[in-house]
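Written out below as structure tokens is the structure these notes cover.
The values are calculated or read from the model by the stated rules, or taken from the named source; none is laboratory data. Given the structure is predicted, the values throughout are model-derived calculations rather than measurements. Positions of Cβ are backbone-derived with ideal geometry, glycine not excepted, and every protein chain shown enters the neighbour counts. The protein model used for the area step is the full one, side chains on, heavy atoms only, and it has no ligands, DNA or RNA in it. Shrake-Rupley method; radii C 1.70, N 1.55, O 1.52, S 1.80 Å.
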Amino acid sequence: MRIYKRALCFISLTFSLGITTVNAQSLKLWYDKPARVWEETLPLGNGRLGMMPDGGVSNEKIVLNDITLWSGAPQDANNYEAYKYLPEIRRLLDEGKNDEAQALIDKNFVCKAPGSGDVPFGCYQTFGDLNIKFNHGDGKEPQYSNYRRGLSLETAMASTSYIVNGVTYTREYFTGFGTDVSVIRLTTDKKGMLNLSISLSRPERAEVSVNDNTLQMQGGVKSGTDKPGMQFLAKVKAVLKGGTQSAANNTLEIKDADEVTIFISMGTDYKNPAYKNKLNALLDAAIKKPYELQKQQHVAKYQKIYGRLNLTLGQSKQADNLPTNQRLLAFHKDPAADKGLPVLFFQFGRYLSISSTRVGLLPPNLQGLWANQVQTPWNGDYHLDVNVQMNHWPVEVANLSELNLPLADLVEGMIEPGKRTAKAYYNADGWVAHVITNIWGFTEPGESASWGITKAGSGWLCNNLWDHYAFSNDKAYLKKIYLILKGSAQFYSSILTKDKKTGWLVTSPSSSPENSFYLPGGKHASICIGATIDNQIIRELFNNVITASKTLGIDAAFSTQLKEKLKSLPPAVNIAKDGRVMEWLEDYKETDPQHRHISHLYGLYPASLITADGTPKWAEAAKKTLEVRGDDGPSWTIAYKLLFWARLHDGNRAYKLFTEIMKPTERTDINYGAGGGIYPNLLSAGPPFQIDGNLGTTAGIAEMLIQSHEGYINLLPAIPDSWKAEGTARGFKARGNFTVNFTWKDGKVVSYKVTSATPKAVKLKVNGKFITTKSVKA
């Protein structure tokens, strides 16, 4: 005990030094030029509202977002005759006629048209643009100097400053965590120098007007039904110090002002019929509150979440004196010279999670909160075969636990439509969701068998829901989600069928997300019997429901049924002749050995069916699988591979994947293969922008430093050589509702502290040795 007390004394000193280091390595993105394209603009958000200013000198364009703005509407795209074709599909699969089974699925076992290609499925959309045109004196394009724009992760505020004709112009931007209104403040160091016009625009379905010096944009998006689509409204008001304000041509005109504060209040009628009254009240309240007080409250409320965790990875030869786009280029050439950039990127991921998620609203979609198009790539929807799950992987370990709750709410809304889909296609109990969903509760298969029939989505979502319980130990939450977990388990339990070759209980039809294989005759197919991901998800889900049943003291009979089914499931891993994990029950040859999805390693991450210490043979097979898959891909794929290698305790390979994802890119095309990277504003590129690459990498960095999925807390399980010299981690979370602080030097933990709400026994692995101790009361 004496040694432990000394460690605690040392840890308090270490963390005071650590926080100083974090502040010294200011956690900011900054640039010395205005943004040329949207992928250079800076993302601001408060979980509902989003802004992306480009910092233009003469003309500034600020893209506006509201996370609830979706086209489309609830629909029933189930084919209620589909289940009648299930016996024939299974017969064809049993006979090895996978291609014929797939053709039958395409004809009779997908959703009704138009599927995800149009409304009423709908898409997440940009709200519109706020345009500010500045006149710096003579009406000509000004010559400017000392330009700088940036984003502070510690305050969730952006800024722009420059000098024109000896006058310093400064702008501050934030989406208020306190007022729920977006704010832009314009100042100069000389009075009467602000001359500008403000307008609103949107590519379609919006009307702009001005009334009583309030700029307004309202409209409604397409629903695809006989009912109106979602309605939206934005109001903009400018408050001046000095100068004059007028309106003309649906534009606010401001002349000779000393200061201008622009307030933007926006909303939709999504679950909020009184949205107009609400946004008017928010706007009125914000205008009446002093600017400095608004800013103070905004920072305080944001910091209450963001400030829970600190991380340093030692000293850097390369400080943050380079603009972020140049710093990214320098890091790609010499990663070891800048240990601050991984910290910046990790905290940027936490910032993005906080900024795009609010309890009681929607979870972040494929683009988080930020979109600059009416038709976003892949509808900006919720992909259920890795992407929305990856969006939530960092939130627990990175001490943002409550940000998992909007996903649980979204899933809860899928239960009733999922029950209809389960009956329509499988005549099954419980509920199911396939590959894609939206805010309207879409659970049907997609419109093509090659990708749309994968039914692992609902089970995979249950993993995310379970993770929140595993980290929080919140039994009230477990009770709330139990019926969701049970319903998913009921579905899988009722569709399991005995495989004629092996006798195992498997899913049929099945598929490994978006991948395909060659049949013996040379044809190829995606549809199979018992894809590995199905087997792994079902095994994990059944065990979690059994645990929940025991913890809550309910449903003993159903728990017993699941235990019996578990005995007949295939092993979590089958190893092929070449030593790799088999992706399908048959050892098929894949059509694309470097395919972006690596779904058959679900058991390695996010599940814990494959572990480096517990199942070494399976871990070795996972390594061989990853070697063949390669290290490139879309950004989310690279992030997933980073996570896999971290779970395999190969820190240097995980770090190689980190440097791979940090490739600078400006590509914006739709990409399904190699070529992922990072845009100048540090958003991840598939391309195009998908937030899952950011958030998956954030989870990966955490996984390199701390793991807790094997029944104990493992410190520095996959630390790369580059980070071994020294480091401090404070505020990381572990399963069991533990908070963990630790420091290291030369790759060895030199101090640690584990806290929890009440002191309890905790098992750790520290410097390769197991230790059982008691946590300290938080």
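Some observations on this one:
- Cβ-Cβ distances below 8 Å connect the following pairs, each with a first residue in segment 92-115 that is at pLDDT below 95, a second residue that is assigned to a loop (DSSP other than H, G, I, E, B) and not acidic (Asp, Glu), and a separation of six or more residues or different chains: 114/121; 115/77; 115/121; 115/446.
- The listed residue being in contact (Cβ under 8 Å) with a residue 24 or more places away in the chain, of a type in the set (D, E, K, R) and surrounded by fewer than 23 Cβ atoms within 10 Å (Cβ to Cβ), out of 455, 500: 500
- Among the residues of segment 496-520, just one is aliphatic (A, V, I, L, M), part of a loop (DSSP other than H, G, I, E, B) and in contact with a Leu (Cβ under 9 Å, 6 or more places away or on another chain), namely 496.
- Residue in segment 332-351 that is over 20 Å from residue 723 (Cβ atoms) and open to solvent by 10 Å² or more (accessible area, probe 1.4 Å) present: no
- Residue that is surrounded by the most Cβ atoms within 10 Å (Cβ to Cβ) [pool: residues in segment 105-128 that are within 16 Å of residue 439 (Cα to Cα) and of a type in the set (Gly, Ala, Ser)]: 122
- Among the residues here, residue 235 does not qualify as open to solvent by 10 Å² or more (accessible area, probe 1.4 Å), in contact with a Gly (Cβ under 6 Å, 6 or more places away or on another chain), assigned to a strand (DSSP E or B) and on the phi < 0 side of the Ramachandran plot.
- Among the residues of segment 486-494, none qualifies, meaning not one is on the phi > 0 side of the Ramachandran plot and either open to solvent by less than 30 Å² (accessible area, probe 1.4 Å) or at pLDDT 95 or above (or both).
- Segment 581-609 - residue that is of a type in the set (Val, Ile, Thr) and surrounded by 22 or more Cβ atoms within 10 Å (Cβ to Cβ) and, of those, farthest from residue 671 (Cα to Cα): 581
- Counting only strands (runs of 3 or more DSSP E) that fall entirely inside segment 685-778 and contain at least 2 residues that are over 30 Å from residue 355 (Cα atoms), the qualifying elements are 738-745, 748-756, 761-766, 769-774.
- Residue that is farthest from residue 350 (Cα to Cα), among those in segment 396-422 that are surrounded by fewer than 18 Cβ atoms within 10 Å (Cβ to Cβ) and either in contact (Cβ under 8 Å) with a residue 40 or more places away in the chain or among the charged types (D, E, K, R) (or both): 420
- Test for residue 222: is it touching a Ser or Thr at 6+ places or on another chain (Cβ under 7 Å), of a type in the set (Lys, Arg) and part of a loop (DSSP other than H, G, I, E, B): yes
- Residue match in segment 304-314 (condition: over 25 Å from the mean Cα position of the chain (by Cα) and surrounded by fewer than 17 Cβ atoms within 10 Å (Cβ to Cβ)): no
- For segment 158-182, filtering for residues that are part of a strand (DSSP E or B), crowded, with 22+ Cβ neighbours inside 10 Å and among the hydrophobic types (A, V, I, L, M, F, W, C) leaves 2.
- Here is the figure for segment 339-371: residues that are under 20 Å from residue 664 (Cβ atoms), more than 14 Å from the chain's Cα centre (by Cα) and either without any contact (Cβ under 8 Å) to a residue 12 or more places away in the chain or not in a helix (DSSP H, G or I) (or both) total 1.
- Subset of segment 64-84 that is of a type in the set (S, T, N, Q) and in contact with a Phe, Trp or Tyr (Cβ under 6 Å, 6 or more places away or on another chain) - its residue that is nearest to residue 413 (Cα to Cα): 68
- Count of residues meeting criterion [assigned to a loop (DSSP other than H, G, I, E, B) and open to solvent by 40 Å² or more (accessible area, probe 1.4 Å)] in segment 610-628: 2
- Considered as a group, the residues in segment 129-138 that are not in a strand (DSSP E or B) and not small (Gly, Ala, Ser) include one that is least open to solvent (accessible area, probe 1.4 Å), and that residue is 136.
- Every listed requirement among (1) open to solvent by 60 Å² or more (accessible area, probe 1.4 Å); (2) polar (S, T, N, Q); (3) assigned to a helix (DSSP H, G or I) is met by residue 321 save one, (3).
- In the set 578, 631, 555, only one residue is touching a residue at least 24 places away in the same chain (Cβ under 8 Å), farther than 30 Å from residue 479 by Cβ and either open to solvent by 50 Å² or more (accessible area, probe 1.4 Å) or more than 23 Å from the chain's Cα centre (by Cα) (or both); that residue is 578.
- Listed by first and then second residue, the pairs linking a residue in segment 429-440 that is closer than 11 Å to residue 414 by Cα to a residue that is open to solvent by less than 20 Å² (accessible area, probe 1.4 Å) and part of a strand (DSSP E or B), with Cβ atoms under 6 Å apart and 6 or more places separating them unless they lie on different chains, are 437/382; 439/70.
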